[in-house]
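Below is one structure, written out as structure tokens, with a few remarks after it.
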Amino acid sequence: MSEEYTFPAYGEELLKIIESFGGTKMETYKGMDVTPLWELKGGPLLWSYKYLYAVPKLDKIAITVQSFRDKLMSFATMIWPDDEHALPIYSSFWAESEKGSYFILDLYPTADCICDIPWMEQYLEPLETLYDKGKQLFPDISNRDPNWFRAMVSPYYINADFHPSTKKTQDRLMQITIDYLNIYKDLWEKDTPRDPVYMQRLNERKEAIRQNMIEKDPGGFMVEQAVGKELAELSLKALF
């Protein structure tokens, strides 16, 4: 008898680690009331939540879980550093259904890695072993990523795009998601503020990443169709 398909417990597992950062759940972000995102549904979006957390050294942690007709789940977590810390941006996205999985995971560089080798050595090289393991498990490169996105990712970017989904593939994707997050948490714990002059270019790149995500993220269209333009725009600004 084949194993019955179930969705992975992404939200439960990620929230355990996010809460260990010791942050506080935000009701507002940059003057916007984000509480409508705690329980959001409409049309094919049967249920969803998006929570933001205020954490020292960070602009925010954002996690979202969305169910589309209980046939497709969309999971995402973004961690954005504040303007005083040179941390990368943690990014996890996973679209999951019984038919297959589309998955991206990275620590987006806030520095130009080839111009700032010491930054890459400090913030990205700790991923080396995990990256090698991830690429062995998921060696194929997705052809979905547009050029602006490929220009943004790090040398440790992992993606997966395959069908069907199984408990085994779910467990592998979940574990590497958690492993990358634990590496990020270790970097965060050790990080200290940087010189404002040094941070200027990093913050410029960070804001360029943010704006491109808000303007071009394809998931925004699905949410807009479900709940309308205003809430979809709020959802994007909260995540990015």
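Suppose we filter Ile178, Ile117 for residues that are aliphatic (A, V, I, L, M) and closer than 23 Å to Leu72 by Cβ; which single one remains?
After ruling out the rest, the residue left standing is Ile178.
Might you check whether a residue that is among the hydroxyl-bearing types (Ser, Thr, Tyr) and either within 18 Å of Asp112 (Cα to Cα) or assigned to a strand (DSSP E or B) (or both) occurs anywhere in the stretch 166-178?
no
What do you reckon, is Ile89 closer than 29 Å to Phe138 by Cα, without any contact (Cβ under 8 Å) to a residue 12 or more places away in the chain and among the hydrophobic types (A, V, I, L, M, F, W, C)?
Against the criterion (closer than 29 Å to Phe138 by Cα, without any contact (Cβ under 8 Å) to a residue 12 or more places away in the chain and among the hydrophobic types (A, V, I, L, M, F, W, C)), Ile89 does not qualify.
Being over 27 Å from Ala9 (Cβ atoms) and in contact (Cβ under 8 Å) with a residue 60 or more places away in the chain narrows it down to one of Thr177, Thr192, so name that one.
Thr192
Where residues in the stretch 179-205 are among the β-branched types (Val, Ile, Thr) and part of a helix (DSSP H, G or I), which of them is surrounded by the most Cβ atoms within 10 Å (Cβ to Cβ)?
Filtering first and then ranking leaves Ile183.
Any idea which residue in the stretch 54-70 is modelled with the lowest pLDDT, counting only those that are touching a Pro at 6+ places or on another chain (Cβ under 7 Å) and part of a loop (DSSP other than H, G, I, E, B)?
Applying the filter and picking the extreme gives Arg69.
Quick one: what pairs do we get from the stretch 98-110, first residue of a type in the set (Gly, Ala, Ser), second outside any strand (DSSP E or B), C-beta under 8 Å, 6+ apart or different chains?
Correct list of pairs: Gly100/His163; Gly100/Pro164; Gly100/Ser165; Ser101/His163; Ser101/Ser165; Ser101/Thr169; Ser101/Gln170; Ser101/Leu173.
Looking at Lys168, Lys206, Lys185, Lys216, can you tell me which residue is under 23 Å from Tyr10 (Cα atoms), of a type in the set (D, E, K, R) and touching a residue at least 24 places away in the same chain (Cβ under 8 Å)?
Lys185
The values are calculated or read from the model by the stated rules, or taken from the named source; none is laboratory data. None of these values were measured; they are calculated from a predicted model. Don't worry about glycine lacking a Cβ; one is built from the backbone with ideal geometry, like all the others, and counts go over all protein chains shown.
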